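So the structure is just underneath, and the comments pick up after that.
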């Protein structure tokens, strides 16, 4: 070995990572490194060659004085010493004794005294300094049920010894004569042979930072293949990469700056260390083992409620197409609690896709086929899912096995899942509905009379039910009557029959509603029912929706009210509902539509519209004529804040024929709606770019310069310019539109500002030529007004911004906000920020540094959420001019918090280096601390960095809806982050914020995080006056309400193991 061999630079580079592992991380002596490299890779180099190359690479085993001094400065700044610090050089941990000796020898007292001159000392390269973990046992994952199952599946994969074709990337060589290098796909692998049966390969050293994979060669020998890996490994984007597939399924946005760390954050600590190596191996995909590896991870994610329905369906569709049902059967023999959530997801998938062949497997899993499950939102049963997707065979099997068809499981579930199966069957599967009736003779036909009509039975059947005592006006669970369903089916004969036999033309009555509400005792149940009722259309509106003029005329002749909205009618019914008012006198009905909008309903809900407005919106000329003939009011507005009359609706759609009918019937062409974003008819047509409709309205006398609504309004010219409708802008200008008309009082824009915002240069110059004044930077009394210059800066349009300056715009003009225009423009930095900032600094005059702080907060807030790259030069310039990194925005977010939310570790490091406080308290309303933000959004690398910088793991939840770091990780299911936090001393039982009721355990139980619940229980420090059984019972009640049955079982049967952390 002493003879110097000729070794190329390429060969040295190929072995560089292994040499680093042996020499630095494993701390082997150089002679032992040489021996290992010779034995394993037949790599022969002399000691002098090694020394020269180690020096060239900078592989230093013994720390220099400068590095010790830098470590000493960092420890002093973080208030750590050799006993409370965990210091690693590479992956090698320095013992407390070695750390103490190094500091004593190299860090002089005089140097320590000067440390106050360095506000944020830089950590030396290759050194990791963090606070020692007070509870390292929390990093153990062996007791977590999801992890246990994942390990069993992994061991099953490693022990698999089937035919070699299962390993699709097996190396096609007849033998391996000594060590060598293999190229597979686009990657280089180094092989070290070791005879023996697969997979019994002995690895002499643990090499955690290398991608190790055992390959079976076609000649029966085995090989150890390796290439660099670890958390910094970026999986390829090829479809054969299991890890790549998994990342794209969990975090599909390729612009996400922290996809792999976010994925790893949800896997336990022990598992995440080798997750990339397990999943990214080409030898396992796309064959059997690759599928099993992916399904193993899917089972884990399902057990912790971390996989969306669409993504699960995508995986199972691919998996089952290859005939892998036998693999699912083998999983069923494992008898693990973690399989339950996966089985529930599989049950919903089977019901949705009519895979009744999976029912036998699901039974062996022990799944209750009739139980409501929270596989995804909304909560549902398998029968409901099968009915909605019209899978008759699947429904028949479940019904024959005794599935409950009548019970309405969850009244507050989104429609249609809020209805019992029998009502759903009447709508989606009439044949199944009739099958239910045949098998269930005891069904109350009066209760389900509307559903009988919905299923499409003939008139003789309906007549027979009425003769047996059925109430023609009874309502189902969604407050609809038989008349509603007959209209929905467009069954003209049935509608006439029901009307002739006494059906209410308004749908229901107070008396019928009282019977439906009399059994409700809980105001929250009533609230959910109330929201359903307020959205039910009247029969007349139902007829307008289906577009049946004949049925509409029948209803109007029978006395249907033409000028009321369903919302107003439902409110009148609720106000007259005596039983509920008597039993719950303290409950106040909402008498406006604000509750609908605050509940995030569609603002264009049909229930808010009079029938004439809706018909105009649908551009149904015959229907409009009919309604006008029966006295529909052309001036009637829709309810709520999104006001509209029929003419505005027709103008929005640009239908000239309907517009003409309405104007001839007396509609006010210049009426202005003063609600949010209110428009005249002309402004509606201009905003939508309807040139012909705009010209028609102008011909009929529309005011081209009608003032706009105070909140978000636009004149016709402003609306056309904002939409980029260049031809329409030209027509309006020629017709005399005021190019400098005042903008709206709130959120307004001038025509020039709108033209700039449209990003159409020719439109900008057309407005300038028409006399637009760039000097109008503020209108008296206006708030939230964006001037043309500010919009140009926000859009990153340097040419337009300079043009405005050339036209005489003075950006040092003071504004009512207290800032100048230049200072206000700083708050608009976004695209092309460097050039924009240069321009502003070139001509702007600035007062104190507060504006730079505001600019920094706003820039980071905007840019971290955008696909374009963060410009650190801009941040540096703002900081150099006095921006304070420790102030917050209006709603409580700090600049460091924003960087932590998106997981931009580079930006987080830079901000901390520039003085950002990692323990800045959470904002008073919605803010997080930096650690809480990183924990909530699942950025494990940022969490580790912040913990290393002394972030407080027990910082209290801030504001009204804040969370502690552990509560945030618990709700989001980030198990590894929770382990790190608990190991660092986080209090599992920390109280929630004032407006939240969830502790960490309750939050994890509510969101279905099985492993998280187990981890938190194992590490719960019981306080005085508490009992673990009470804690489990409270959390079990939360889980039961959400139908997380696996968690309910865990909590009801939990007993702390003797070796648990507390």
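We did not get these values from a lab; they are worked out from the coordinates using the rules stated. Quantities reported herein were computed from a predicted structural model and do not represent experimental measurements. Using ideal geometry, Cβ is built from the backbone for each residue, glycine included, and neighbour counts are taken over all protein chains shown.
Summarising the label geometry, the points placed 7 Å from Cα in the beta-carbon direction at residue 769 and residue 622 lie 4.8 nm from one another.
Decide, for region 371-456, between rounded, prolate and oblate: order the square roots of the alpha carbon gyration tensor eigenvalues as a ≥ b ≥ c, take rounded if a/c falls under 1.5, and otherwise choose prolate if a/b is larger than b/c, else oblate. Here region 371-456 falls in the prolate category. Label sites at residue 389 and residue 635, each approximated as a point 7 angstrom past Cα along Cα to Cβ, lie 5.4 nm apart. Counting every other Cβ atom within 10 Å of each residue's Cβ, 433, 43 order from fewest to most as 43, 433. As a rough footprinting exposure proxy, the listed residues 1018, 761 were ranked by other beta carbons within 10 Å of their own, and the order from fewest upward is 761, 1018. Between residue 671 and residue 925, the contour length at 0.36 nm per residue exceeds the alpha carbon distance by 87.4 nm.
Computed from the C-beta positions of residue 1049 and residue 363 and an R0 of 30 Å, the FRET efficiency is 0.95 to the nearest 0.05. I need the calculated FRET efficiency for the pair residue 812 and residue 906, taking r as the beta carbon distance and R₀ as 30 Å, to the nearest 0.05. With R0 = 30 Å, the Cβ-Cβ based efficiency is 0.30.
The alpha-carbon atoms of region 747-838, seen along their principal axes, cover 34, 31, 24 angstrom, with the largest extent given first. Stretched out straight at 0.36 nm per residue, the stretch from residue 49 to residue 735 would grow longer than its current Cα-Cα span by 238.3 nm.
Compared with the alpha-carbon gap, the fully stretched path from residue 57 to residue 869 is longer by 289.2 nm at 0.36 nm per residue. Label zone (residue 762, point 7 Å along Cα-to-C-beta; backbone nitrogen cut-off 19 Å) within region 793-812: 800. Does region 896-1052 come out rounded, prolate or oblate, given a ≥ b ≥ c as the square roots of the eigenvalues of its C-alpha gyration tensor, rounded meaning a/c under 1.5 and, failing that, prolate meaning a/b above b/c? Prolate is the answer for region 896-1052, as a/c is 1.5 or above and a/b outweighs b/c. Scoring 536-544, 494-502 by mean Cβ neighbours within 10 Å over their residues and listing the highest first yields 536-544, 494-502.
The alpha carbon gyration tensor of region 363-406 gives principal lengths a ≥ b ≥ c with a/c of 1.5 or higher and a/b no greater than b/c, which makes the shape oblate. Each residue, residue 995 and residue 4, gets one label point 7 Å from its Cα in the Cβ direction; the gap between the two is 7.4 nm. Sorted fewest first by neighbouring Cβ atoms within 10 angstrom, 1052, 710 come out as 1052, 710. Using R₀ = 45 Å, calculate the FRET efficiency as 1/(1 + (r/R₀)^6) where r is the Cβ-Cβ separation of residue 849 and residue 26; round to 0.05. With R0 = 45 Å, the Cβ-Cβ based efficiency is 0.30. Taking region 543-566 and a reference point 7 angstrom along Cα→Cβ of residue 492, the backbone N atoms nearer than 20 Å belong to 543-560. When its C-alpha radius of gyration is set against 2.2 N^0.38 Å (N residues), region 9-57 gives a value of 1.00. Sorted on the mean count of surrounding Cβ atoms within 10 Å across their residues, most packed first, peptides 721-729, 1030-1038 read 721-729, 1030-1038.
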